[in-house]
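The values are calculated or read from the model by the stated rules, or taken from the named source; none is laboratory data. Predicted model, so just to flag it, every value in this text is computed and none were measured. Cβ placement follows ideal geometry from the backbone for every residue including glycine, while neighbour counts extend to all protein chains displayed. Accessible surface is based on the protein model in full, side chains and every heavy atom, while ligands, DNA and RNA are left aside. Shrake-Rupley method; radii C 1.70, N 1.55, O 1.52, S 1.80 Å.
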Amino acid sequence: MEGEALVILLVEDNLDHAELIIRSFQNHRVVNQIYHVTDGEAALNYLFRRNQYADPEKSPEPHVILLDLRLPRIDGLQVLKEIKADDELRCIPIVVLTTSEAESDLAQAYEHHANSYLVKPVDFSKFTQLMDDMGFYWLGWNRHPCL
Amino acid sequence: MEQESLTILLIEDNLDHVELIKRGFQNHQIPNTIYHVADGEAALDYLFQRGEYVDPEKSPQPHVILLDLRLPKIDGLQVLKEIKDDDVLQQIPVIILSTSEAEKDLAQAYVSHANSYLVKPVDFGKFTQLMNDLGFYWLSWNRQP
């Protein structure tokens, strides 16, 4: 467990959900910093360092990506596919975080090599607990070689 | 959170580690059953239901796979590759649980689509906590088809 802030890229168009997620991570036991984009195109631009995301100081490579499935412009599954097709980006863990429990979404997410699939709990305290557990698992325990 | 027992396939040749992992899961808040194989060949036989593992009652498909990297007969990375090349098995989360922190092992594991990579803590208390957190995350929070 390191002292430096670990970077999360949050790809989420629902601003209420984004607010809830960002708030849950604010006092997290793992020091972190969340970068938030609201559509699939911005997510890919961020990760491939295009346009306004060209500066790695301002748009650092994330330790984990939290990805919603229903997104404007480019769909979450397509974003997932493009990240996992890239030799360098594919080692960043992608946690799908969605309201959908549909079998077809689950199956397609794993087919495109999502690392994990989580369904947003409707209950507020469960939501907060999920953020706590998930953050600690991916930022505290999990290792990855990208950085 | 389900009450039925969730199934873990543990692929590990170090019997001390097996003991430690099993103990870590024994009183886990999520009811679970661990099936253990000690080499890569047995792991693939189990998952592809070959040889002594043909009976799905006795060798049920696991909800999660804990995979060591250094294994006799067939290497852990090869086991990982074969799981992730199979249309059905690829949906099962594979968690690498290794003593290796080598960049090369990490990179190869992710290239072959490991779902997660964990380094076994040497400290006993930490090891137990990891088993607790990892079990809860994958058996309770994570969803799969």
>> Please give me, ordered by residue number, the GluC sites (Glu not before Pro) of region A:1-101 that lie in loop per DSSP and have at most 14 other Cβ atoms within 10 Å.
In response: A:Glu2, A:Glu4, A:Glu57, A:Glu88, A:Glu101
> Going by a 1.4 Å probe on protein heavy atoms, which residues of region B:73-110 end up with at least 50 Å² less accessible surface in the whole assembly than in their chain alone?
Replying inline: B:Gln90, B:Gln91, B:Tyr110
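For B:Gln49, what charge total do you get from the other residues with a beta carbon under 13 Å from its beta carbon, if Lys and Arg give +1 and Asp and Glu give -1?
My count for the surroundings of B:Gln49 gives -3.
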> With the other protein chains left in place, how much accessible area per residue, in square angstrom, belongs to region B:1-143 at a 1.4 angstrom probe?
Replying inline: 46
> Which Rg and Dmax, in Å, describe the Cα atoms of chain B?
Replying inline: 14.2, 39
>> Which one, A:Leu20, A:Gln108, B:Phe136, is farthest towards the positive end of the dipole of the protein assembly as shown when Lys and Arg carry +1 and Asp and Glu -1 on their Cβ?
In response: A:Leu20
> A:Phe48 to B:Glu103: FRET efficiency via 1/(1 + (r/R0)^6), r the Cβ-Cβ distance, R0 25 Å, to the nearest 0.05?
Replying inline: 0.65
> Using a 1.4 angstrom probe on protein heavy atoms only, which residues from region A:83-100 are buried by at least 30 Å² of accessible area when all chains are present rather than their own chain alone?
Replying inline: A:Arg90
>> Can you pull out the chymotrypsin sites (Phe, Trp or Tyr not before Pro) in region A:1-84 whose DSSP state is coil and whose Cβ has at most 13 other Cβ atoms within 10 Å?
In response: none
> By the gyration tensor of its Cα atoms, with a ≥ b ≥ c the square roots of the eigenvalues, what is the shape of region B:6-72: rounded for a/c under 1.5, prolate for a/b over b/c, or oblate?
Replying inline: oblate
>> Just checking the output field for A:136-144: average partner chain Cβ neighbours within 10 Å of each residue's Cβ?
In response: 6
> Using the Cα gyration tensor of chain A, with a ≥ b ≥ c the square roots of its eigenvalues, what is the shape: rounded (a/c below 1.5), prolate (a/b larger than b/c) or oblate (neither)?
Replying inline: rounded
>> My understanding is that a pair violates if its Cα-Cα distance is over 22 Å; which of B:Lys104/B:Lys126; B:Lys81/B:Lys104; A:Lys81/B:Lys81; A:Lys81/B:Lys84; A:Lys81/B:Lys73; A:Lys84/B:Lys22 do that in this structure?
In response: B:Lys104/B:Lys126; A:Lys81/B:Lys73; A:Lys84/B:Lys22
> Expressed as a fraction of 2.2 N^0.38 Å, the rule-of-thumb size for a compact globular protein of N residues, what is the C-alpha radius of gyration of the protein assembly as shown?
Replying inline: 0.97
>> Just to confirm the filter: which trypsin sites (Lys or Arg not before Pro) across region A:2-73 are DSSP coil and have at most 10 other Cβ within 10 angstrom of their Cβ?
In response: A:Lys58
>> Take chain B, mark every one of the GluC sites (Glu not before Pro) that falls in a DSSP loop and has at most 14 other Cβ within 10 Å, then report the longest stretch left between them, sites excluded.
In response: B:5-56
> Rounded to the nearest 0.05, what FRET efficiency do B:Asp123 and A:Ala5 have when you use their Cβ-Cβ distance and R0 = 22 Å?
Replying inline: 0.35
> Counting only protein heavy atoms and rolling a 1.4 Å probe, how much accessible area do A and B lose on contact, total for both sides, in Å² to 100?
Replying inline: 2800
> Of all accessible surface on region B:57-142 at a 1.4 Å probe, what whole percent is carbon and sulfur?
Replying inline: 52
